[in-house]
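Input: a single structure, listed below in structure tokens.
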Amino acid sequence: MASTERTTSGHPHGAAATQHLRAQVEGFVRNRVVPRERVLDAGGPEAGGALSELRRLARSEGLWALALPAELGGGGLTLAAYAEIAEAEGASDHGPTALGSAPLLDVRMLARHGGPRVRELYLERLVAGEIRSCYAMTEPDVPGTDPFLTVTQAEQRPDGNWSITGRKWFTSGAADADLVTVLARTDGTAGDRDGLSLLLVPTASPGFRVGRELPLFGAGGQWEIELDRVTVPGDHMIGERGQALAVAGERLQLGRTLRSLRWLGQAQRAFDLMCERAVVRTGSRGPLAGHQLVQQHVFDALLALRTTRPLVHEAVALLDAGRDAHTEVGLAKVAAARTLQQVTDAAIQIHGAAGLGPDTALPALFRTGRAARILDGPDELHITSVARRILRTYERNPVTPR
């Protein structure tokens, strides 16, 4: 029998224990989160009440903040252990928020790169779900793939505090956030490769304003924010001055990998819906499952899932070991985004008109799949980045005589 070790939070480690925890999370998302998706999607007071109830249930069932540090009140799972659960958790867009793992990136970033006061003020409250955070990097009219062109400015005052002015957009969860990490230029001019810093901004600060919502194919949750000479304490800089991109790069690698795991969970959900439809739906020539073209869709979708999953977990293993994973993360991100779009498209095709309407999750899953090919860097960015990295290795180490 495989041995297990317990974290300080009481969650055991080990393959069998992780699979048991995954089954619990799958059941929670399927039976508690999915039935409330329409309410949560709509937003407003009713959604807030539903989310609070889900969080209470997650705590009572021992499923709260599984991937967050145990010393801060989380479950204390390693990245490798959490990866086995993140797919199940991410089958619904609302799963990570309901189960308390949504602030994982911010908690890790602040724990590693925040100063003592930042850690003292915010970390435990973030893990407990008492406050929410978001991350603002991209700007209108500035290519998201070229952060060196960032125009948001932060000037340091004589008292050591910072004054930030600028606009950001497609900031997830900004409307409900208490904190936002802002990428701003503290030195140099737009286009310089140095001089960008990260500052943690309390959203209650004078001059901070949440602007218009930016729906993605009709779905909310993304916002434009404006900062008009917002004062930020000097000790709220995250990382070293001018070194934002090193911190952001570390965050992006993990963020892209977590998204890929969650996209796999949504692709699996679409696959299950497709297969159930094929078996249950009967026409004049029998069940859809007996049609060869339907079987082709099932095969291709399964192939996409089975070939993508190892890529994503390879990226997880490298990140968990502290090794370079740029190539593996790029491959995983592109593959997971494509798989979600492909599998959901096939599921919609097999559902027919029912797949286009409000009675299944398929339109929302397809929307996520299409957006996934742009979010966290478009496919083209990752394709060229990975290809260049691979080709450079051949330039340095040719494998055949010239």
- As a Kirkwood estimate from alpha-carbon pairs, segment 266-319 has a hydrodynamic radius in angstrom of 12.5 Å
- Message: Report the gain in length on full extension from residue 71 to residue 323: 0.36 nm times residue separation, minus Cα-Cα distance, nm rounded to one decimal.
- Response: 88.2 nm
- Only helices counted: for the chain, with every DSSP H run of 4 or more residues adding -39500 (n - 2.57) and the sum spread over all residues, [θ] at 222 nm is -15500 deg cm²/dmol
- Rg [Å, one decimal], Dmax [Å, integer] - segment 300-402, C-alpha atoms: 17.2, 61
- Task: List, largest first, the extents of the alpha carbons of segment 8-165 along their principal axes, each in whole Å.
- Result: 54, 37, 30
- Give or take rounding to whole Å, what are the principal axis extents of the alpha carbon atoms in segment 15-102, in descending order? 38, 25, 19
- Item | Neighbourhood charge, 13 Å Cβ-Cβ cut-off, centred on residue 53 and excluding it, Lys, Arg +1 and Asp, Glu -1 | +3
- Note on the structure: To the nearest 10 degrees, the tilt of helix 379-396 (Cα long axis) against the first principal axis of the alpha carbons of the chain is 80 degrees
- Note on the structure: So the FRET efficiency between residue 61 and residue 396, C-beta based with R0 = 56 Å and rounded to 0.05, is 0.60
- Query: Given +1 on the Cβ of Lys and Arg, -1 on the Cβ of Asp and Glu, and no further charges, what dipole in debye does segment 255-402 carry about its Cα centre, rounded to the nearest 20?
  - Reply: 240 debye
- Return the FRET efficiency for the residue pair residue 359, residue 285: r is the Cβ-Cβ distance, R0 is 25 Å, and the value is rounded to the nearest 0.05. 0.55
- Any idea how far the Cα center of segment 299-338 sits from the one of segment 93-169, in Å? 26 Å
- Item | Antiparallel bridge percentage (DSSP; both residues within the chain; nearest 5) | 85 percent
- Task: Sticking to Cα atoms, compute the Rg of segment 209-257 to one decimal and its Dmax as the biggest Cα-Cα distance, whole number, in Å.
- Result: 15.0, 39
- Item | Cα-only radius of gyration and Dmax that characterise segment 133-242, units Å | 13.3, 45
- Message: With the alpha-carbon atoms as the only input, what is the per residue convex hull volume for segment 203-340 in Å³?
- Response: 156 Å³
- Query: So what are the three principal axis dimensions of the chain from its Cα atoms, in whole Å, longest to shortest?
  - Reply: 79, 66, 50
- Message: At 7 Å along Cα-to-Cβ for each site, give me the label-to-label distance between residue 272 and residue 296 in nm.
- Response: 2.8 nm
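Computed from the coordinates by the stated procedures, all read-outs in this text should not be read as laboratory data. Not measured: the values here are computed from a predicted model. We place every Cβ from the backbone using ideal geometry, glycine too, and count neighbours over all the protein chains shown.
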